[in-house]
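Written below as structure tokens is the structure these notes are about.
The values are calculated or read from the model by the stated rules, or taken from the named source; none is laboratory data. Note that the structure is predicted; figures quoted are calculated from it, not measured. A quick note on method: Cβ atoms are made from the backbone with ideal geometry, for glycine too, and the neighbour counts reach across all protein chains shown.
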Amino acid sequence: MPQRHVVQMSTSHASYSVCVLGTEVFLDTRRCTPKGATSFDVHATSAVTVHIIHSPMTKPMMNSRWPMDPDIEVVVTIDVTSRTINDNKVKISYYGQEGNELSVAWLYLTCVDVSLDVDLSRNGRVKSKGKDKAKWTWGPDGQGAVLLVNCDRDSPGAGGMDSSQVDIRTTADLQDMSVMLLRTQGPSAIFAEYQVVLHVPESDADKVRVFHAIRSDSRTHYKPVLGPDKLSYVLDHVGSGENTFYVEGLAFPDVGFSGLVSFSASLLEVPNMNSPGTPIFTDTVVFRVAPWIMTPNTQQPLEVFVCSIQQGSESNEVFLEVLLKKANCKLTICSEVETRSDRWIQDELEFGYVEAPHKTFPVVFDSPRNRGLKDFAFKKILGPDFGYVTREPPGKDISSLDSFGNLDVSPPVTVRGKEYPLGRILIGSPLPWASGRRMSKAVRDFLYAQKVQAPVEVYSEWLSVGHVDEFLTFVPAYDRKGFRLLLASPNACYKLFKEKQRQGHGEAAQLVGLKGTERRSIDEILADESLKNDNKHVQRCIDWNRDLLKQELGLSEQDIIDIPQLFVLKGSRADALFPDMGDIHCGTNVRRKPFAFKWWHVVP
């Protein structure tokens, strides 16, 4: 419903007021109705449209006058801004029983325009006006502006992320912000009598910061005007024109924060200097903070990260040489000094990105694992157009399941007609009804709050280390859904070994070159009943996940490839008997190309 400003009419003196273009002005006539009045009529200058709101039973009289019905309302609107003060007039005449005019109430109106505008249609341009600006909606036909968390470091010499700075140190920083325009139009003298205030709700103020671009002495400076300690900003010297504001996000969606933030511009009537003023009109816009988005293995690799280990027999020099030849993209080798001899870079961090219509940049998510690579992401990756985010649980309640080898994401899938165009995040957990190690609530809350990659919790706690990448991964394919799910499979391994045994290779030695492990023949492995029992248990655990993933990712058996692998139980949990894909995965990390699909087109 359009906003409506109430003006008290009087027959003893003229009334004066300001209205905003296109909004309704309700004329309160009850207190000024003269004694004996039985009817009234309304006349106005050409720019004013008069609306008489009445019940269907009430009709105008033969002379176009209206009866004095207490349920009748008089509303006026103006759709042209005033050129001069008081250039719009409304006259209400009251008539007695004999049709004689008893008295007249005059109203002089000055029409101004106040509009707070953002990139409502998400095309990179700030649109003037627009309907339902105070609503943010998902989907390809949705509307509402997008805000980036300013989590990179463009500012030279800054100790942390740009969002921690209360000023703008480089114009490159502006590219990470969203533009908001305050447009005003009308006689300049009227704005000297009324205030225009930009404000943010207290609940949103610690999630955002707003800078006012003020031009003076042939240069522009950026004044912080709204944020964690500033809820409102009164504009000086308002006239016809535009005021440009830059909005930066300070917080990602998380538990207790949906990601929605609103800003309002209000036109206030201020009776005196000591009065807080009363709003005549308020225009509100809504942003949604862009989520952190993971990229699956099916996205094109842009940069491979790997840690160099040069400690004698522990050296991975041969592995690095192979990567140099096979990576087919930028390869970043992290020195042993930088990594403090921690080779498991997949476990420490995860690469993703944030996107707005005007800007996209990668963001590294630093896990709470905090071993040798603890400071690597913050010190070596955070930089210009490369953001950083982390979630640290309270206290020291960290388990192996907090490592990001325990975090994966599927390619895009459709499940029972529901589309997940950015895939679904996979988190390794205990069984739903069981206790045990679990990824920290702070991390899980963050992942769920991003909304666009609805997480699935799979069962990984049966493993000693407990990471999802120890038994599953996704690879591109040219048919069907465009990918295959690879699952570790003891059954497939036993089938392969039995086949080789029948072919006469039963004495072939296995586990050759694996330090600390005795060589065993295929015959010996197949004869080991204890190992066979261990793997029956493991297969049941993997089959539980198989059924879950088929259900939650909309997969069929043709979308799954079984990869031979054996496990051995140590206590109640399992370790892989020999190296597999999980070891390559945990020793590398990959920054990948963002999705072409725009996250705001998702329907959560």
Next on the checklist: Among the residues that make up region 159-177, is at least one of them more than 15 Å from VAL247 (Cα to Cα), touching a residue at least 60 places away in the same chain (Cβ under 8 Å) and in contact with a Pro (Cβ under 6 Å, 6 or more places away or on another chain)?
Outcome noted: no
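Among the residues of region 178-212, which ones are among the polar types (S, T, N, Q) and in contact (Cβ under 8 Å) with a residue 24 or more places away in the chain? Quick ask: steps written out before the conclusion?
Kept after step one, since they are among the polar types (S, T, N, Q), are these residues of region 178-212: 178, 184-185, 188, 195, 203.
Across region 178-212, the qualifying residues are SER178, THR184, GLN185, SER188, GLN195.
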Checklist entry - Can you name the number of the only condition in (1) in contact with a strand residue (DSSP E or B) (Cβ under 9 Å, 6 or more places away or on another chain); (2) not assigned by TED's automatic domain parsing to the domain that holds VAL354 that PRO604 fails? => result (1)
Next on the checklist: Can you pull out every residue in region 342-384 that is in a strand (DSSP E or B) and without any contact (Cβ under 8 Å) to a residue 40 or more places away in the chain?
Outcome noted: VAL364, ASP366
Checklist entry - Could you say which residue among ARG546, ARG540, ARG573 is under 29 Å from GLN453 (Cβ atoms) and within 32 Å of the chain's Cα centre (by Cα)? => result ARG546
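Please return the ranges of strands (runs of 3 or more DSSP E) entirely within region 237-315 where 2 or more residues are assigned by TED's automatic domain parsing to the domain that holds LEU181 and not charged (D, E, K, R). Show your work before the answer.
On the way: elements: 241-249, 260-269, 278-289, 301-307.
Strands (runs of 3 or more DSSP E) meeting the threshold: 241-249, 260-269, 278-289.
Taking LEU555 as the residue in question, decide whether it is under 38 Å from the mean Cα position of the chain (by Cα), part of a loop (DSSP other than H, G, I, E, B) and in the same structural domain as ARG484 (by TED's automatic domain parsing).
On the way: under 38 Å from the mean Cα position of the chain (by Cα): yes; part of a loop (DSSP other than H, G, I, E, B): yes; in the same structural domain as ARG484 (by TED's automatic domain parsing): yes.
For LEU555, the condition - under 38 Å from the mean Cα position of the chain (by Cα), part of a loop (DSSP other than H, G, I, E, B) and in the same structural domain as ARG484 (by TED's automatic domain parsing) - is met.
Within region 559-570, is there a residue that is in a helix (DSSP H, G or I) and at pLDDT 95 or above?
Step one: of region 559-570, the residues in a helix (DSSP H, G or I) are 559.
Adding the requirement that they be at pLDDT 95 or above leaves 559.
There is at least one residue in region 559-570 that is in a helix (DSSP H, G or I) and at pLDDT 95 or above.
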Checklist entry - Hey, among VAL149, VAL126, which residue is surrounded by 13 or more Cβ atoms within 10 Å (Cβ to Cβ) and modelled with pLDDT of 95 or more? => result VAL149
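Listed here are the residues, each with its yes/no results for (1) of a type outside the set (S, T, N, Q); (2) modelled with pLDDT of 95 or more; (3) buried (at least 17 other Cβ atoms within 10 Å of the Cβ); (4) not assigned by TED's automatic domain parsing to the domain that holds LYS129.
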site	(1), (2), (3), (4)
THR23	no, no, yes, yes
ASP28	yes, no, no, yes
ARG31	yes, no, no, yes
ALA37	yes, no, yes, yes
PHE40	yes, no, yes, yes
HIS54	yes, no, no, yes
ASN63	no, no, no, yes
PRO67	yes, no, no, yes
THR81	no, yes, yes, yes
Checklist outcome for this item: Restricting attention to region 169-197, the residues that are hydrophobic (A, V, I, L, M, F, W, C) and either buried (at least 23 other Cβ atoms within 10 Å of the Cβ) or in the same structural domain as VAL20 (by TED's automatic domain parsing) (or both) number exactly 2
Next on the checklist: Among the residues in region 385-399, are any modelled with pLDDT under 95, assigned to a loop (DSSP other than H, G, I, E, B) and closer than 30 Å to PRO156 by Cβ?
Outcome noted: yes
Item to check | Enumeration of residues in region 35-61 that are in contact (Cβ under 8 Å) with a residue 24 or more places away in the chain, assigned to a loop (DSSP other than H, G, I, E, B) and touching a strand residue (DSSP E or B) at 6+ places or on another chain (Cβ under 6 Å) | outcome: ALA37, THR45, ALA47
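Just one of LYS515, LYS481 is at pLDDT below 95 and surrounded by 13 or more Cβ atoms within 10 Å (Cβ to Cβ); which is it?
On the way: LYS515 fails: surrounded by 13 or more Cβ atoms within 10 Å (Cβ to Cβ).
Just a single option satisfies the conditions, and that option is LYS481.
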Next on the checklist: Checking ARG125 against (1) outside the structural domain of TRP136 (by TED's automatic domain parsing); (2) within 30 Å of GLY139 (Cα to Cα); (3) without any contact (Cβ under 8 Å) to a residue 40 or more places away in the chain, only one condition comes out false. Which one?
Outcome noted: (1)
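When the residues of region 441-478 are narrowed to those that are closer than 23 Å to GLN300 by Cα and polar (S, T, N, Q), which ends up surrounded by the fewest Cβ atoms within 10 Å (Cβ to Cβ)?
Going through the qualifying residues, I end up with THR473.
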Checklist entry - Somewhere in region 438-449, is a residue at pLDDT below 95, out of contact with any Pro (no Cβ under 9 Å at 6 or more places or on another chain) and charged (D, E, K, R)? => result no
Checklist entry - If you take the residues of region 316-338 that are of a type outside the set (A, V, I, L, M) and in a strand (DSSP E or B), which of them is surrounded by the fewest Cβ atoms within 10 Å (Cβ to Cβ)? => result LYS330
Checklist entry - Got a sec? Which of GLY277, GLY256 is touching a residue at least 24 places away in the same chain (Cβ under 8 Å) and either within 30 Å of GLY227 (Cα to Cα) or under 20 Å from the mean Cα position of the chain (by Cα) (or both)? => result GLY277
Item to check | Selection within region 559-604 - under 19 Å from PRO296 (Cβ atoms) and of a type in the set (S, T, N, Q) | outcome: THR588, ASN589
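If a residue has to be surrounded by fewer than 20 Cβ atoms within 10 Å (Cβ to Cβ) and either among the aromatic types (Phe, Trp, Tyr) or assigned to a strand (DSSP E or B) (or both) to count, how many in region 136-146 make the cut?
Residues of region 136-146 that are surrounded by fewer than 20 Cβ atoms within 10 Å (Cβ to Cβ), as a first pass: 137-142.
If we keep only those that are either among the aromatic types (Phe, Trp, Tyr) or assigned to a strand (DSSP E or B) (or both) too, we end up with 138.
Of the residues in that region, 1 qualify.
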Checklist entry - Hey, which of the strands (runs of 3 or more DSSP E) in region 402-510, taking only ones fully inside, have at least 1 residues that are touching a residue at least 40 places away in the same chain (Cβ under 8 Å) and polar (S, T, N, Q)? => result 413-415, 472-476, 483-489
